[in-house]
Structures are given as structure tokens and as C-alpha cells.
């Protein structure tokens with residue numbers, strides 16, 4: 001259980017130090033959680049089995065209220081009761097964390113997970129010595145949670161809030177041009193929109209490159225659950241009322257995908273809305289035009305094709321002979337004639353959002369939105385604050401436990417003593433960290449406002465197109481309709497093209513890396529077919545990177 005808290009937070013110094021991605025941290029958290037529940041269940045089962053065999057189950061397992069002293073003969077029974085309550089909390093968390101329940105009923109999973117606070121308190125009430133083992137990880141967890149919470153002090157400026165289709169929303173957020181606003185390709189952020197829910201934060205991958213969007217970032221969201229469905233409705237409300245949404249953001253998280261620069265040939269395999277991190281790579285590749293690129297994209301939503309149309313046009317203009325870029329697009333769901341005849345929104349694609357408002361929805365907060373800047377961006381500053389919080393909490397805990405003990409005059413108040421100790425550990429680090437982060441956030445906001453006032457608005461990207469309908473887009477970009485890509489054939493093609501490319505341009509492999517960098521992001525079936533196709537050719541010639549979304 002001591003390790004359970006370590007990989008459970010978004011901001012974690014030790015995970016950054018060990019270069020562990022947040023997605024892998026969540027995986028480790030699930031493993032530790034499963035191990036914790038199993039060992040707790042075995043521990044409890046052994047005692048219950050012994051009590052039942054000895055016929056003392058009622059006396060040992062149930063608490064006493066009359067004719068017993070909590071500090072004497074009742075202590076054993078009450079500790080067992082506290083342990084049982086903790087186990088029930090862990091079992092409830094475990095059941096609602098199962099994959100199918102977590103995906104279908106995310107809100108249930110999210111809120112039930114907060115039982116861990118009650119479970120931790122009752123574990124310490126059950127056996128006080130546990131706190132010594134839990135102290136480092138619990139303290140770090142609360143401090144990390146406080147850092148994430150500090151990102152939600154101020155709303156973020158919104159540049160665009162657009163409904164692309166019946167189930168896809170585009171949000172363009174402003175970010176500071178200072179170092180605190182920088183992100184890397186492949187990063188994701190957590191968004192909170194209080195008009196939908198003041199408590200829920202949801203992760204979304206950034207779909208733009210920091211090089212091509214110097215003071216903004218773009219999020220593409222597909223409606224797949226209750227929260228995202230409400231987001232669609234809220235987008236329509238904002239359009240009708242001509243206001244911008246109030247949005248809070250917490251970031252940046254996830255491993256950088258900048259390593260694509262190491263490969264002479266890059267293969268991007270994306271499916272549906274999962275293509276978002278690959279679009280950021282593709283944008284970056286267009287600005288360099290020195291690597292061989294194969295972009296495989298399977299989609300069902302024509303709105304996504306319309307959204308990337310300017311980028312595809314730019315690729316065609318820069319590389320008309322397809323010397324560097326090869327595009328293979330597949331529309332797996334045949335569209336209707338009405339859908340094909342829909343007009344392309346050229347005004348939006350040229351940079352004009354469907355909301356012309358400059359005022360924000362003030363039903364949630366009166367605070368003025370500002371470009372996003374991450375507080376305590378420097379790892380050194382985080383280490384300093386973590387260390388200060390650790391020793392402050394440790395000092396107070398020692399004083400309460402060994403100095404001014406509540407239990408010193410009355411052994412019957414040992415539950416109160418244990419309760420105060422664990423609550424102290426849970427709250428002191430978080431409160432101290434929140435206060436420090438709030439002060440730093442205020443300083444950062446002042447510097448952001450000052451620096452961003454001198455920065456010109458992001459220039460609109462040049463855009464001209466002869467296409468008028470979505471039918472024209474399908475024809476112009478040679479999109480295959482009603483079928484999935486032949487991944488085996490495409491992987492063999494990229495393998496052959498790579499061999500020829502490095503033969504003609506051997507300087508591209510001067511760093512010693514002669515493999516093909518394959519970046520996959522999309523449905524599991526697409527990932528599996530790509531990996532199998534590569535295995536048939538020879539895995540030694542490929543370096544596979546898969547994006548993980550099971551958070």
C-alpha cells in the first residue's frame with residue numbers, strides 16, 4: 001500500500017526523474033492497487049477463518065458499545081472493525097475500477113475512488129504503525145494533488161470553441177509565450193468546464209505543434225460519454241448566446257514525441273480521434289521537409305477530414321511530387337449524399353471561429369481568463385517545495401505523536417490520536433503547498449500579463465482551396481471510401497521506400513539510427529494489425545511507439 005500512492009498523481013517529481021510517463025504510472029498504480037486489495041483480503045480472510053473456527057467471531061469481529069473500555073478490552077475489537085471498514089472501501093474501489101465499469105461508468109469510478117481517503121484513515125485506525133510506512137508516499141501524493149489543484153486557480157483564455165460536427169468539438173486555448181507556457185509534442189492536458197461540472201477534469205491530447213502554434217494549443221474532442229455529450233450541448237449554447245466558455249486547464253503531462261526527429265523515415269498510423277497526437281508530429285514534419293513520411297489515417301467522421309484539410313493542402317504545395325510525404329486516408333463509414341454535398345466552412349478553416357464574442361460565460365466565475373502558464377515549472381523549484389513540505393509535515397507529526405499526545409491522559413481516546421495523526425499528514429502538506437502555489441501563481445500571472453501584452457496575436461495560416469464540398473475533399477485527397485487500409489501492403493511499401501531513401505540520402509542516418517519510426521495512435525484493432533504486419537516484415541527494421549489512453 002505504501003507504493004500505491006506514488007504513481008497515482010499527475011505531477012510527480014520521482015516519475016519525472018525516472019522518465020516514467022503518466023500512462024505507465026497509471027498502469028503501475030493499477031497493479032499496486034490489485035496487489036493491495038488481494039493482500040488485504042488474504043489478511044482479513046485468515047483472521048475471520050480463525051475466529052469462526054474458534055467460535056469467537058462475534059466477540060472479535062464486531063465492535064463493543066456497552067460494558068467495555070475502548071482503551072482496554074474493547075481496543076482489539078474496535079481495531080478489527082476499523083480494518084474491516086477499510087477493506088470494504090478497498091473492495092468497492094476495486095470493483096468499480098474494472099475496465100468495463102471504468103469505461104462505461106466513468107463518473108461512478110471517479111467518485112467511488114475518493115473512498116481511498118476513508119480507507120487510508122481506517123487503515124491507520126486499525127494499525128497506527130502503518131502511518132510510518134505510508135508517510136512519505138501520502139505526503140508526496142497530497143503535495144502533488146495540491147500542485148494540480150493550483151493550476152485551476154485561474155481560467156484560461158479561449159481563442160476558439162467550435163462544433164465541427166454532431167460529435168466533434170474543437171477548443172483552441174491561449175498559452176503564455178514565456179517558458180511556463182511551453183509544451184511538447186505528445187503532451188496532454190486536463191480540462192475542467194464548470195458550466196458542465198465543477199469537479200470533473202478530463203484528459204485530452206494536444207493536436208497542434210508548439211512550433212506552428214507559438215501562443216495557442218488545440219484540443220479535438222469526440223463525444224464518447226456523458227461529459228463530452230454535455231460539452232456538445234454547451235458549445236451550441238455558447239454559440240447561441242455569443243459567449244466564450246469558462247475553461248480551466250491543468251498540464252502539461254505525458255511523454256514527449258519529439259524523438260521522431262531521430263528517424264530518417266517516420267510512419268504515422270492513426271485512427272479516428274486518436275490521431276490527435278500524430279497531427280502535432282505531422283505539423284512539425286511539414287516545417288522541416290527532410291524526412292520520409294507515411295501518414296495512414298482511418299476515419300469515420302468527415303469533420304476530421306475537413307479539419308486537417310489545410311494541413312494536407314500545405315503538404316501538397318510543399319511536396320507536389322511526393323518525394324517526402326505519402327498520404328493514405330481511409331473513410332471506413334460510407335457517407336450519404338447529403339453529407340457529401342455539405343459545404344466546407346472555409347471561413348473557419350482560414351482562422352475565423354464560429355463565435356465572434358470576446359466576453360465569457362460568467363455563470364461559473366467572475367475571474368478574468370489569461371493565457372495558460374504552468375506554476376512551479378522548474379523541477380528544482382518543485383523539489384525545494386516538496387522538501388520543505390515534507391520536513392514541515394514530519395515535524396508536526398512528531399510533535400503530535402511524541403510531544404503533545406492527545407492520548408497521554410486517557411487511553412480510551414487512542415482512535416482520536418490515530419485520526420489526528422493521519423489527517424495531519426493528509427492536510428498539512430496539501431494546505432502548505434496550496435498556499436505556496438497560490439502565491440507563485442499570482443506572481444506568474446502578473447509576469448504573463450506583462451509579457452503577453454507585447455506579443456502580437458497569432459497570425460492566420462495562409463489558406464486557399466478550390467474544394468467546395470466534402471465530396472471534393474474526398475476526391476482531392478484520394479480518400480478510400482468504405483474500406484480499411486491494407487496495413488500489410490502499406491508497411492511493405494514504407495519499408496521499401498525507406499531502403500531507397502537512405503540509399504539515396506545516406507546522410508539522413510548519420511546519427512546511427514537506420515530504423516523506421518512508427519507512431520501508432522488509435523483503436524486496438526489498428527494497433528494490432530500494424531504490429532503484426534511489422535512482425536511479418538522484420539521487427540528489427542522498425543521502432544514502434546504506441547500511444548496509451550487508458551488513464
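The values are calculated or read from the model by the stated rules, or taken from the named source; none is laboratory data. Predicted model, so just to flag it, every value in this text is computed and none were measured. All Cβ positions, even for glycine, are placed from backbone atoms using ideal geometry, and neighbour counts span all protein chains on display.
Applying the selection to the range 296-318, what residues are at pLDDT 90 or above and either outside any helix (DSSP H, G or I) or not assigned by TED's automatic domain parsing to the domain that holds residue 522 (or both)?
296, 297, 298, 299
Within the range 213-227, work out how many residues are buried (at least 17 other Cβ atoms within 10 Å of the Cβ) and modelled with pLDDT under 90.
3
Which pairs do you get when a residue that is without any contact (Cβ under 8 Å) to a residue 12 or more places away in the chain and not assigned by TED's automatic domain parsing to the domain that holds residue 226, found in the range 100-113, comes within reach of a residue that is surrounded by fewer than 16 Cβ atoms within 10 Å (Cβ to Cβ) and part of a helix (DSSP H, G or I), reach meaning Cβ atoms under 8 angstrom, with the pair 6+ apart or on two chains?
Filtered contacts from the range 100-113: 101/95; 101/108.
(1) more than 21 Å from the chain's Cα centre (by Cα); (2) closer than 30 Å to residue 338 by Cα: which one isn't true of residue 136, the others all being true?
(2)
Quick one: how many residues across the range 183-200 are touching a strand residue (DSSP E or B) at 6+ places or on another chain (Cβ under 9 Å) and surrounded by fewer than 20 Cβ atoms within 10 Å (Cβ to Cβ)?
Summing the residues that are touching a strand residue (DSSP E or B) at 6+ places or on another chain (Cβ under 9 Å) and surrounded by fewer than 20 Cβ atoms within 10 Å (Cβ to Cβ) in the range 183-200 gives 5.
Return the residues of the range 69-88 that are in a helix (DSSP H, G or I) and free of Cβ contacts under 8 Å to residues at least 12 places away in the same chain; say none if nothing qualifies.
88, the sole residue that qualifies.
For the range 1-47, name all the residues that are within 18 Å of residue 127 (Cβ to Cβ) and at pLDDT below 70.
none
Scan the range 502-545 residue by residue and report those that are at pLDDT below 90, part of a helix (DSSP H, G or I) and touching a helix residue (DSSP H, G or I) at 6+ places or on another chain (Cβ under 7 Å).
Hits for the range 502-545 are 502, 508, 509, 541.
Given the criteria modelled with pLDDT under 90 and either in a helix (DSSP H, G or I) or exposed (fewer than 11 other Cβ atoms within 10 Å of the Cβ) (or both), does residue 392 qualify?
The answer is yes for residue 392.
Identify the residue in the range 483-501 that is in contact with a strand residue (DSSP E or B) (Cβ under 7 Å, 6 or more places away or on another chain) and part of a loop (DSSP other than H, G, I, E, B) and, among all such residues, is nearest to residue 532 (Cα to Cα).
485
Take the conditions crowded, with 19+ Cβ neighbours inside 10 Å and at pLDDT below 65 and apply them to residue 437. Does it pass?
For residue 437, the condition - crowded, with 19+ Cβ neighbours inside 10 Å and at pLDDT below 65 - is met.
Can you pull out the residues in the range 247-274 that are in a loop (DSSP other than H, G, I, E, B) and either without any contact (Cβ under 8 Å) to a residue 12 or more places away in the chain or more than 24 Å from residue 329 (Cα to Cα) (or both)?
Result: 254, 255, 256.
Restricting to the range 287-300, give me the number of residues that are surrounded by fewer than 20 Cβ atoms within 10 Å (Cβ to Cβ), closer than 21 Å to residue 219 by Cα and in contact (Cβ under 8 Å) with a residue 40 or more places away in the chain.
Result for the range 287-300: 1.
Taking the range 213-236 on its own, how many of its residues are in a helix (DSSP H, G or I) and either under 20 Å from residue 110 (Cα atoms) or touching a residue at least 40 places away in the same chain (Cβ under 8 Å) (or both)?
Residues in the range 213-236 being in a helix (DSSP H, G or I) and either under 20 Å from residue 110 (Cα atoms) or touching a residue at least 40 places away in the same chain (Cβ under 8 Å) (or both): 10 in total.
A quick yes/no check of all residues on (1) in contact with a strand residue (DSSP E or B) (Cβ under 7 Å, 6 or more places away or on another chain); (2) surrounded by 14 or more Cβ atoms within 10 Å (Cβ to Cβ); (3) at pLDDT below 85:
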position: 321; (1), (2), (3): no, no, no
position: 329; (1), (2), (3): yes, yes, no
position: 347; (1), (2), (3): no, no, yes
position: 366; (1), (2), (3): no, no, yes
position: 373; (1), (2), (3): no, yes, no
position: 402; (1), (2), (3): no, no, yes
position: 428; (1), (2), (3): no, yes, yes
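Which of the residues belonging to the range 141-156 are crowded, with 21+ Cβ neighbours inside 10 Å and either over 20 Å from the mean Cα position of the chain (by Cα) or under 30 Å from residue 422 (Cα atoms) (or both)?
141, 142, 143, 144, 146, 147, 150, 151
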